[in-house]
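Quick note: the coordinates plus some simple rules give every number you see, no bench work behind them. Since the structure is predicted, the reported quantities are computational estimates derived from the model, not experimental observations. With ideal geometry, Cβ positions are generated from the backbone for all residues, glycine too; neighbour counts draw on all protein chains shown.
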Amino acid sequence: MAEAADGNRRMASQEQLLVDYVRRLEQHAQGRSLVQVHLSALRPFNRRDQHLRAAATEFEPLIKSMSGQLFLLKTGDIFFFFKNEARGQTETAVRKVKYMFSDDPLVADEEKTGTTFSSWYDATSQFPEIQRLVKSLAEAEAKRLEDAKSRMDARAALRAKQKMGEPMTPEILARIENSLGNADLSNLVRRQFACRIDDNMVPEQSFSELFISIQDLRETLMPNINLVANRWLFQHLTETLDRRMLSMLSKTDRVAISGPISFNINIRTLMAQDFLMFDDNVAASRRGSMIIELQKEDIFADLGSYLFAREFVQSKGYKVALDGLTFETLQVIDHKRLGVDILKLVWNGELADGGENVAAQVRQIVEDAGEGKSVLCRCDNREAIEFGRSVGIDIFQGRYVENLIAEDGRRRDLLRLKRRMERAEQDQDEEAPANK
Amino acid sequence: MAEVRYSTGIDRDKQTQESLLLEQLKRVRHDPIGYFAVHVHLSKLRPGNRQQHFLDIASRTFDDFIANNEALIYSLYNADLLLICRNVPIDDVDPVIEKVRGLFPEDPLTEAPLGSYDDRFSTWYDLSQPDDLKALTAASNDLAAAAEVQREEDRKAAARQQAEADQGKPLAPDNLAAINQKMKTTQIADLIRSQAAYRVIPGKKGEIVFREFFIAMAELKKRVAPNVNFFSSPWLFQYLTETLDRRMLAVIGKRNPATAPDAISLNLNIGTVMSREFQAFHEAIEEHAGKFIIEFQVIDIFADMNTYKIARDHLRERGYKVLVDGLNPLAINFFDPAHMQSDFLKIAWGPEFVGDEQDEKVAEMRQIVAHAGKDGVILSRVDSQDAIRWGAALGITRFQGHFIDKLVSTMKSQADTKAGATAQSKPAPSPAQAPAQSSTQAPAQKPKPKIVARAPAQKPAGSA
């Protein structure tokens, strides 16, 4: 059994073999080319093992005649290196594969959405590009393995504990909830602006999200405790925070709320007395400028309640946002049918790394949702804004956006200062002759 | 019937909505000009949509309307609403009725538009017409009588439930630690039950796809916390399942999988799969990993899709199969389960989906099932012929549940396997308690028919 385990560990993945192959290719690049067939961008029901195997079979004769070498990656993509003499046959094989998937949006909507089914590279002139491509694939795979490993690693758990504090336990949760019952949380309420951003990176406020800072809550109540260590306990805590937030929002003197705002809430809270009381205290005209943010897992935990609650709050005039979306969940969830007003996609560098096929899919979804309906949140760098704009998103939220707001503020201050100085100069100039 | 006096319960000093309605109709009879009524048949909604807090909100929808018009609303015991108006323009009534209808967009009751011939959502009465007034009075009398019977039944049922001490204190952070601790130490091996999923081939006997092992929750509860209601908070219950996962793995890991006749499925939290306990389990059963199917809840998956993918790949690389549990016929209309790229999908059936058989919808669902790979789709909680018929219409051939257990055991001439026999000998839970036991996410003691994640990580004994 030890042998089997060892053998398993040593069994090279297609990704590793590909890296090795490309390393050796450097010397033999002359007269060879590569085609990458983007099967990873197929819809999942077309991407099953048997489909991928069938696709790979099309290249079988070329491999047998020693004209090419095939790698079938975990993502589903095929990398096929071939001798230039066999280009015609390779093109035929790719065409056949493409034909196999002609119903898939990747192929069917190719012209409309600008997706790519296959990318072709010349191994000599484009060798650096091939290297880069394969390197990034290998890194992604290595990171995936590392991720999986680190989750089981006691060392990693220990490090998290040292960095984040002791994990939350039911006892601590009980203590926190007791102290929350009578604490004034208004000083823990934070506000983050979501902004439209123009070509010159100048932000214009669209709405602001109000939330209770978990970080600060922790500092205030339980400095050495990691509140988010257990998802389920944390989720329970958020229900308590929901109620505190609603009661604070009802008392507008506590938290100054101007302009359109959004806040996160559990569906269970939405259906409880607390929300009904909050609703009674909200001026009808104000509801239209309030966005209720719901988490996808909460929605799918009880779809029936969600459908009801959404209808209820929307009919009252509130807007509903679907929060916490990632590229995967965006693809999985039929957001149109869920009937939300706003989609909040969480920024992640992998979005930009995904290339044109990922961008095309996001663009399609953003377009479907309609103008001004998609928000890219947790933007922590300029790349996020650039990606968002490239797929048609125009509202952004996150640290980087906060920086832009601050910068814009400074710029305006400077501008004001400059004007004042200019005016002063002018005044001086005007006064000068008189003074003479 | 207005003259009936109530001797018991909370209604003792209070007039019922039905009696108030009948009194009002009597008054209307003196001068019926300008009066009309709208009967909103919320009682005909699907059970899942008939929850108390939904109904409360539905009746609140009328608040502004009642305040601004000469109108009265009665919330009847069977959940119906009855609106009586005087001299209110129909165009002012329509919007509020539509608003209520809009609250239940996915319910078959609301499909036909207002005023159409097929509209089963509301019935209108022109009370200035003697015939209509008579019809409504008769209907109201019937409703009052039915309410009286129902009230008495509910009172008895509530008393029974109370007697069973099924509710108890809610699960809360302050009793959670003690319960969790008890779960860590209580003997559980004798509480592990199993239920098979079968592939049904017409004309032949069922063939076992796998056998799901779970902890009999009701019995465990008796052992560790008889007076606590486990389902008052879905999140805190979920927390307990993390402990149960580890106990389960320890027990199953000690059994020799080579002797098990069928594939074995276990319902686990995704986090558990990434834990050291799972690693130990894997080392114990390694060469038999191909015999195991790990079930994940869809709520767990949606909370962190990335971790799900890592866990799924991690399992499959080691030979396990992965099943996505906690789906239901409603849910698969809102996301494409094929994206989960799992080996199996489990769809929990419920009687509320009977009648959901319009050709168009069936075709759509067939498509979803086909996309997901129909050989991997299992219809669970199969408790009636209806369920099987429904599944078969969608092209599903794999089933799990009470009804199929019975069917298979009558079809099989030979004796059941030992594990199957134990499961069979358990008294079948009454339909009323079955959903309560099995809903991990359902917090209310009155089982809220949960739409998605109602299958628990560990199921109670004999629940289908």
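Only helices enter the 222 nm calculation for chain A: every DSSP H run of n ≥ 4 contributes -39,500 (n - 2.57), and dividing by all residues gives -17500 deg cm²/dmol, rounded to 500.
Mark the label point 7 Å from the Cα of B:Glu360 along Cα→Cβ and return the residues of the range B:334-354 whose backbone N is within less than 19 Å of it. Under 19 Å, as judged by backbone N against the label point of B:Glu360, lie B:334-335, B:354 of the range B:334-354. Pairs exceeding 23 Å between alpha-carbon atoms, taken from B:Lys205/B:Lys321; B:Lys184/B:Lys221; A:Lys316/B:Lys169; A:Lys251/A:Lys319: B:Lys205/B:Lys321; A:Lys316/B:Lys169.
Choose one answer from A:Ala229, A:Ala123, A:Ala424: the residue with the largest mean-square fluctuation in a GNM of chain A with alpha-carbon springs under 10 Å. Maximum fluctuation in the GNM of chain A, among the listed residues, is at A:Ala424. Using R0 = 56 Å, the C-beta based FRET efficiency linking A:Asp199 and A:Gln428 works out to 0.90.
Note on the range A:199-271 and the range A:327-389: Cα centroid distance 23 Å, given to the nearest whole angstrom. For the pair B:Arg160 and A:Thr116, a Förster radius of 41 Å applied to the C-beta separation gives a FRET efficiency near 0.05, rounded to the nearest 0.05.
Just counting partner chain Cβ atoms within 10 Å, what average do the residues of peptide B:193-206 show around their Cβ? For this peptide, the per-residue mean of nearby foreign Cβ atoms is 0.
Inter-chain Cβ neighbour count for B:301-309, averaged per residue, equals 6 (cutoff 10 Å, partner chain atoms only).
Give me a single rounded figure for A:41-53: the average over its residues of other chain Cβ atoms within 10 Å of their Cβ.
Numbers: counts 0, 0, 4, 9, 11, 2, 3, 5, 1, 1, 0, 0, 0.
Partner-chain Cβ atoms within 10 Å, mean over residues of A:41-53: 3.
Applying a DSSP loop filter and a limit of 10 other Cβ atoms within 10 Å to the trypsin sites (Lys or Arg not before Pro) in the range A:183-265 leaves A:Lys251.
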